[in-house]
Amino acid sequence: MKKLVAAMLLAAALCAFTVPALAEYKAEYKLDIVPSLTTAWGMGATYFTDLVRERSDGRINIKVYPNSQLTTGAQTNAFMLVRNGTIDFAVQSSINYSPQIVELNLFALPFFIANQPDKYVAMDAIKAGESGKLVVKAVEDKGVKFLAWGENGFRELTNSKREIRSPKDMEGMKIRVVGSPIFLDAFRAIGANPLTMNWSDTMAAIQQGVVDGQENPISTFYPVKIHEYHKYVTDWHYVIDPTMYVVNPAVWKTFSEDDQKLIQEAAEEAGKYMVALARISLDDGTAYKYLESIGKLPEITDWYKELANVGMTVSILTPEETRAFAEKTAPVVDEWRSKIGEEIVAAAEADMAAAAASK
Ligand code: X2X
């Protein structure tokens, strides 16, 4: 009898250990992105899902839903839908989550990172530093599991009217921005007329002339053929959208430890790939070399040449020209420092200064 009880207890104990590992996985996990699959963002998301599928021998199947399909266009609600489990995974913009996670506005402080001696070194210093930890903590405290950083890129300005090299050139210009308050503040400070709009509605608004301009990274606006409407690009790098790979925490807990490791590594690798795609030909050559080394060079490896090919005039601002915009937006930086949290902003300044000094 004793033996039988012991055997039963042992069986029960084994079950307790084995049940989580045997938990049924979903046939399909949904992953949300805002733009199309042909952007760096879309390619970085697809690479992640491919790696996970391959390495799990098809047991974990994540499907990328592009063009804000899962949020029916409402990109600034996307965070809530991952948090409540309607969406399982996302590769999402810091901008789209910033209405709920105020700390993410750090990356949208005008000319905060762009003003550094090397803006990519500065960005990487934040991600690797104390400020990056604080940002990730803020994201996780709000209820999603952070996996890795990606990158949409530094955001440049395009418009249909004229070359923009000074705040005066933008006076009264109607510019589409994401529905996130700091963007309204920044463009008003410059003297433009910003309108908030989802990305899914933006091309129609551009075609109909409802707006004259928009701001996005090159790898995001080129695939939608913005050059058919906008001839002018201003490279001012005023803010960056670093983009995050995230997962709903309850979904995360259903994966076995080995599978969590597999997913985590895939997100980190895909994030590196996405960062390189967003930077190719815009950095010191590091992104190109990395993509070459993994055998994944994209079709376009020289953005400025390609933008000229499709008839765009690219205005790369001089430091003095950039300063004129930074001066206009300085009050916005001051105001948002305290909203974001002095601790994080000061930590980012320290992280960037340390990286610049060690260069
Ligand atoms: O809406 C945008 O501009 C985009 C695609 O860059 C984001 O989702 C932040």
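The values are calculated or read from the model by the stated rules, or taken from the named source; none is laboratory data. Just so it is clear, the model here is predicted, and its values are computed rather than measured. Positions of Cβ are backbone-derived with ideal geometry, glycine not excepted, and every protein chain shown enters the neighbour counts. Remember, those area values only see protein heavy atoms, side chains included, never the ligands or the DNA or RNA. Shrake-Rupley method; radii C 1.70, N 1.55, O 1.52, S 1.80 Å.
Reported count of residues in region 136-172, each being part of a loop (DSSP other than H, G, I, E, B), away from the ligand (no atom under 11 Å from the Cβ) and touching a helix residue (DSSP H, G or I) at 6+ places or on another chain (Cβ under 9 Å), is 13.
Here Lys305 does not qualify as within 30 Å of Lys133 (Cα to Cα), surrounded by fewer than 18 Cβ atoms within 10 Å (Cβ to Cβ) and among the basic types (Lys, Arg).
Pairs meeting the criteria (first residue in region 290-302 and over 16 Å from Phe48 (Cα atoms), second residue open to solvent by 60 Å² or more (accessible area, probe 1.4 Å), beta carbons under 8 Å, at least 6 apart or on different chains) are Tyr290/Lys272; Leu297/Tyr288; Pro298/Met43; Thr301/Tyr288. Please verify whether Ala114 is out of contact with any strand residue (DSSP E or B) (no Cβ under 9 Å at 6 or more places or on another chain), open to solvent by 10 Å² or more (accessible area, probe 1.4 Å) and in contact (Cβ under 8 Å) with a residue 24 or more places away in the chain, treating the condition exactly as stated. Here the answer is no, as Ala114 does not meet what is asked.
Please go through region 219-251 and give me each residue that is part of a helix (DSSP H, G or I) and either open to solvent by 30 Å² or more (accessible area, probe 1.4 Å) or of a type in the set (Lys, Arg) (or both), ordered by number. Glu228, Pro249, Ala250 - these are the residues of region 219-251 that are part of a helix (DSSP H, G or I) and either open to solvent by 30 Å² or more (accessible area, probe 1.4 Å) or of a type in the set (Lys, Arg) (or both). The set of residues from region 71-98 being in a loop (DSSP other than H, G, I, E, B), within 22 Å of Ile263 (Cβ to Cβ) and either within 11 Å of the ligand (Cβ to nearest atom) or open to solvent by 10 Å² or more (accessible area, probe 1.4 Å) (or both) comprises Asn84, Gly85, Thr86, Ser93. Among the residues of region 184-218, those identified as more than 10 Å from the ligand (Cβ to nearest atom), among the small types (Gly, Ala, Ser), outside any loop (DSSP other than H, G, I, E, B) and over 16 Å from Ser98 (Cβ atoms) are Ala189, Ala204, Ala205, Gly213. Against the conditions (1) among the acidic types (Asp, Glu); (2) touching a strand residue (DSSP E or B) at 6+ places or on another chain (Cβ under 9 Å); (3) more than 16 Å from the ligand (Cβ to nearest atom), Glu228 satisfies every one except (2).
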